[in-house]
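Undergrad: My questions all concern the structure below.
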2 protein chains.
Amino acid sequence: MSDQLALNLIHRVNVGDSLTRSAARDAAATAVVEGDRRLSYAQFNRYVNRTAHALASAGIDVGDAVGLASGNSIEFLTVYYACAKLGAVCVPINLGWRADEVRHVLSDATVALFVVAEPLQEVLAEPAKSTATIELVVVIGEPTEWTGVRVTSFADFVADRSEDEPQRVVDDRAPLTYLYTSGTTSLPKGVVGNHTAVYLESMTMALEGQFRADDRFAAMMPMFHTAQLNCHCTSAIMVGATIHILPGFDAVVLLDLIERESITQVFGLPMMYRAMLDHESIERRDLSSLRRALYAMAPMPQDMLVKCIEVFDCGFYLLFGQTEMSPTATIFRPENQLTHPGAAGTPVVNVQVAIMSPDGDLLPSGSEGEIVYRGPHVMTEYLNNQAATDEAFRFGWFHSGDIGRFDDDGILWFTDRRKDVIKTGGENVSSLEVEKALYSAEPGAAEVVVVGLPHDHWSEAITAFVVARPGVVLDPELIRRSMREHIDAYKIPKAIVVVDMLPKTSTGKIQKNKVRDANSGLYR
Amino acid sequence: MSDQLALNLIHRVNVGDSLTRSAARDAAATAVVEGDRRLSYAQFNRYVNRTAHALASAGIDVGDAVGLASGNSIEFLTVYYACAKLGAVCVPINLGWRADEVRHVLSDATVALFVVAEPLQEVLAEPAKSTATIELVVVIGEPTEWTGVRVTSFADFVADRSEDEPQRVVDDRAPLTYLYTSGTTSLPKGVVGNHTAVYLESMTMALEGQFRADDRFAAMMPMFHTAQLNCHCTSAIMVGATIHILPGFDAVVLLDLIERESITQVFGLPMMYRAMLDHESIERRDLSSLRRALYAMAPMPQDMLVKCIEVFDCGFYLLFGQTEMSPTATIFRPENQLTHPGAAGTPVVNVQVAIMSPDGDLLPSGSEGEIVYRGPHVMTEYLNNQAATDEAFRFGWFHSGDIGRFDDDGILWFTDRRKDVIKTGGENVSSLEVEKALYSAEPGAAEVVVVGLPHDHWSEAITAFVVARPGVVLDPELIRRSMREHIDAYKIPKAIVVVDMLPKTSTGKIQKNKVRDANSGLYR
């Protein structure tokens, strides 16, 4: 062993090592459960090591990108941890993306090896084949679709590999993931996450959520999102807890799981808790095992939060952050949520939150400005996009794009959403992209503004306000149908409202805030 | 601001930033209390910033060493955090050292500025003046003793300084402390601690001890030791809790403080809990505020632990580690201590513990060997001592020097102490140093072996076994008195036992283990 490798193995901060350590601490404890499959920490760690050695044999070096397209599964986490141990970069594919978005991501990330779950082959074969850098496709299941590209099954790929810990020099700040996030441009930007950031995020959540080795987590939100992956799964692995993997959210499935497996920790969107509250069986359920319920994206309406605390009888923790923060920035604990309804909480230990003027001055409490962050959770950079990185990091702080203020109690309030992004059903959607698609779909639209409005199910519902060209009569349903050719279905506005005029500043800019405020009760 | 500085301030892992963040999160919360002085987080952080600017004005650059000789005080923590924010290295002076040890440390660490508490001037003036690298002495209180060296009072030093955050590029792995530790050689070795190691240690303890912002800590063990400093104080600051500073341990003072200030977290040696248990007032005390009691150095006798849990009515957590581990490696939680009396517990999240053969092979559970560690808590190196560093880091693991094994439950047992170090009353004492001093004090000693034996008060009591030269009659009390000229008082054996012969291996080496085992009941 070289001296450099020896020193690295002794000292480094590596997300993969947190699994190695949990397996060393309690080899027999259950790590992951998916349907009938249950792997102990020793078994899961060996599976990860075999996968790492397979990736290394396929030529994956430190810094090489591994694409990963899969629903929630043991193999998703296996590939993620194998990349971590190897110093490779894991690039999860959002299953809601269009083919051109997938193509952009595979190419922007220079993906060298692409792991694809069997049911996704049909959709992903074309973008994968057109990505010149991909040298091998590994199919979780049976390969079909793959003429003209090297392909193997995951089972064959990892067969007969060493179960020893892979040994490589991986820097504390080596990239761990490129997580692509929708922004104001039409194509996703690659957020470069690093080992130190995700490791500290995992410790933050373990600390703030009081995660323990005897906890049992339900993982139902998509693992390709930072929230499920790094708030919940990596923290659970760090403390040696059990992760019960679900393919997605279903109220009955989750309620059954909580009862059957005595789940202690859940993490969902407000709409998921709403669906469980509304389920006819809720009164008969035994939910006494729950210790913590985390939720994210948006505060719950107060009456719903009160009902949740009563029915689930555990602490509800609201998390705020964004992919660039790995992702947690603030947390709102149960004791204050009821006295400060609608607020965003207080910073977690690893994050400093401040309010900044457009000129870069930090503002006192009570003043409104852009929410900015510092701390080791902050992403390394946007991949291949120095301009966006410089813009985000100006004045020595990470710029969230959200507007807010601190009150005199030191609690943060979001007073305006990130200018152009709507948070709907767990996804970030660029309002500019929706506006562009609406203009394309309906030439009769003179002016369009798209905003997110509060909605019990969607958190924010995408809503368009449109002014017609003179003499044109607009049909909202027709516009919605026409938009299908221009944009993903989930980005189509839930409602299109035809109006005579839109509020504007003296310089002629449409005042989105005013549109939002005037229509905040549309879905209530 | 340079781009490099901006990126560093956004991303870095810095122990000083954890104070900055706690002050930003809750400025009005009480940070430190010493007698009648109470500083809020805002006040304490400003005091630290003023101190940092004063140090910078005195020429202290990134990597420069600041000596710190003080009992427990607000200023101790102030200087420590000021160094952290500046990227300077804090070098605490153990108040039990002889003048030649202090001189060695000041010179080995190339201390450039020396902060000395008023009552320590008389003892420390001579070694400080003879250290060529010291350019300025800062006295906490009134300077006296200092002819021929630049000197100022701490109050003058920090007066009229900026209260803004100091802004400097400090690497994640920049040295934060040189903590000198007694080893097998007669002079202490400098353990280079770094920001990432201490930051993660702080998170570990906050996580394992479930530290919260509303906790109130009693800090009574010496802050110049890593245990009080990094297990307890930096963790408390990280979560925004209150530290009540005591000059040392006194059963009545501590019991009064627990009642008066509703202390929730204490950390002490077994002998301190014993002294409180034995105090006549214990039955009348209201100790209901306590949430956690940490203890270190050695397991408590089982009956004492049972009594502690009953009387203090809170969880008792046994910590093991060493200065080189920043310091925590394993923790023993209340639920297992009673079923596994005498064991050392299980590894903390940031540490992997293994058992190694002399040839560098990792051994299975049940096998005895050297306890070795990996993880980001591990020190950077021994200062100016590549040979000792290489020795400690061989085979890609940090070698603790302790012998132990894992049982089938995954719980670690220490089966033999670090070969030549006795852990007594919170101090590490080299048995070789004591043996050398005994030989010097008593020329009539033919063979000497010094071991630590289990002792309720001292954890281990230094004990010497001596074989006389032919015809010589040894007087243990006389030897003890003579030793005072050769060694610090606390290193003199509690008992000297004259024996006819010592057990030896076939190669003639004295079998310390056998001496220890045969006499383990000497003080019981």
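Rule-based calculations on the coordinates, nothing more; no lab input. Note that the structure is predicted; figures quoted are calculated from it, not measured. Here the Cβ is made from the backbone with ideal geometry for all residues, glycine too, and neighbour counts use every protein chain on show.
Undergrad: Counting Lys and Arg as +1 and Asp and Glu as -1, what is the net charge of the other residues whose Cβ lies under 12 Å from the Cβ of A:Arg480?
TA: 0
Undergrad: Under a plain spin-label model, where a point goes 7 Å from the Cα along Cα-to-Cβ, how far apart in nm are A:Asp3 and B:Arg524?
TA: About 4.6 nm separates the two model spin labels.
Undergrad: Ok, one more. Please give the calculated 222 nm ellipticity per residue for chain A, where each DSSP H segment of at least 4 residues contributes -39500 (n - 2.57) and the sum is spread over every residue; nearest 500 deg cm²/dmol?
TA: Counting only the DSSP helices, I get -9000 deg cm²/dmol.
Undergrad: Given an 8 Å cut-off on Cα distances and at least 6 residues of separation, report the relative contact order of chain A as a percent.
TA: Value for chain A: 11 percent.
Undergrad: Further question: If you keep only loop residues by DSSP, which trypsin sites (Lys or Arg not before Pro) in segment B:261-303 have at most 15 other Cβ atoms within 10 Å of their Cβ?
TA: Counting only loop positions with at most 15 other Cβ atoms within 10 Å, the trypsin sites (Lys or Arg not before Pro) in segment B:261-303 are B:Arg285.
Undergrad: If you don't mind, there's one more thing I want to ask. What FRET efficiency comes out for B:Ala132 versus B:Ser357 if R0 is 45 angstrom and r is the Cβ-Cβ distance? Round to the nearest 0.05.
TA: About 0.50, to the nearest 0.05.
Undergrad: While we're here: Would you please name the GluC sites (Glu not before Pro) within segment B:314-420 that are DSSP coil residues with at most 15 other C-beta atoms within 10 Å of their C-beta?
TA: B:Glu368
Undergrad: Can you work out D for chain A in µm² s⁻¹ from Stokes-Einstein, where Rh is the Kirkwood radius over C-alpha pairs, the temperature is 25 °C and the viscosity is 0.890 mPa s?
TA: For the chosen part, D equals 102 µm²/s.
Undergrad: Compute the distance from the alpha-carbon center of segment B:139-166 to that of segment B:323-390, in whole Å.
TA: Cα centroid of segment B:139-166 versus Cα centroid of segment B:323-390: 41 Å apart.
Undergrad: Roughly how compact is segment A:3-196, stated as its Cα Rg over 2.2 N^0.38 Å to two decimals?
TA: Segment A:3-196 yields a ratio of 1.00.
Undergrad: Another one. Any idea how far the Cα center of segment A:18-56 sits from the one of segment A:224-263, in Å?
TA: The two parts, judged by their Cα centres, are 16 Å apart.
Undergrad: When you look at the Cβ of every residue in B:5-15, what mean number of other chain Cβ atoms sits within 10 Å?
TA: 6
Undergrad: At q = 0.11 Å⁻¹, what is the log10 ratio I(q)/I(0) for segment A:1-84, with the Debye formula run over Cα points and no solvent?
TA: Per q value, in the given order, log10 I(q)/I(0) is -0.33.
Undergrad: When Lys and Arg each count +1 and Asp and Glu each count -1, what net charge do the other residues less than 9 Å away from A:Ala388, Cβ to Cβ, add up to?
TA: -2
Undergrad: Here's something else I'd like to know. If you average 1/r across every pair of different Cα atoms in the protein assembly as shown and take the reciprocal, what Kirkwood value do you get, in Å?
TA: Over the protein assembly as shown, the inverse of the mean reciprocal pair distance is 31.0 Å.
Undergrad: Let me ask something else. Cβ under 12 Å from A:Ala489's Cβ, A:Ala489 left aside: what net charge do those residues give with Lys, Arg +1 and Asp, Glu -1?
TA: Result for the local shell: +3.
Undergrad: Using only atoms on other chains, find how many Cβ atoms lie within 10 Å of each Cβ of peptide B:485-494 and report the average.
TA: 0
Undergrad: Let me ask something else. Leaving out same-chain residues fewer than 8 places away, which lysines sit with a Cα under 21 Å from that of B:Lys189?
TA: B:Lys419, B:Lys423, B:Lys436, B:Lys491
Undergrad: In degrees, nearest 10, range 0 to 90: what is the angle between the Cα axis of helix A:15-25 and the longest Cα principal axis of chain A?
TA: Relative to chain A, helix A:15-25 is tipped by roughly 50 degrees.
Undergrad: Can you give me the Rg/Rh ratio for segment A:421-519, using Cα atoms for both radii and the Kirkwood formula for Rh?
TA: Rounded to two decimals, Rg over Rh is 0.95.
Undergrad: Residue-wise, which Karplus ³J(HN,Hα) couplings in Hz belong to segment B:423-437, taking 6.51 cos²θ - 1.76 cosθ + 1.60, θ = phi - 60°, and x for glycine or proline?
TA: 9, 9, x, x, 10, 9, 10, 6, 5, 5, 5, 5, 4, 4, 5
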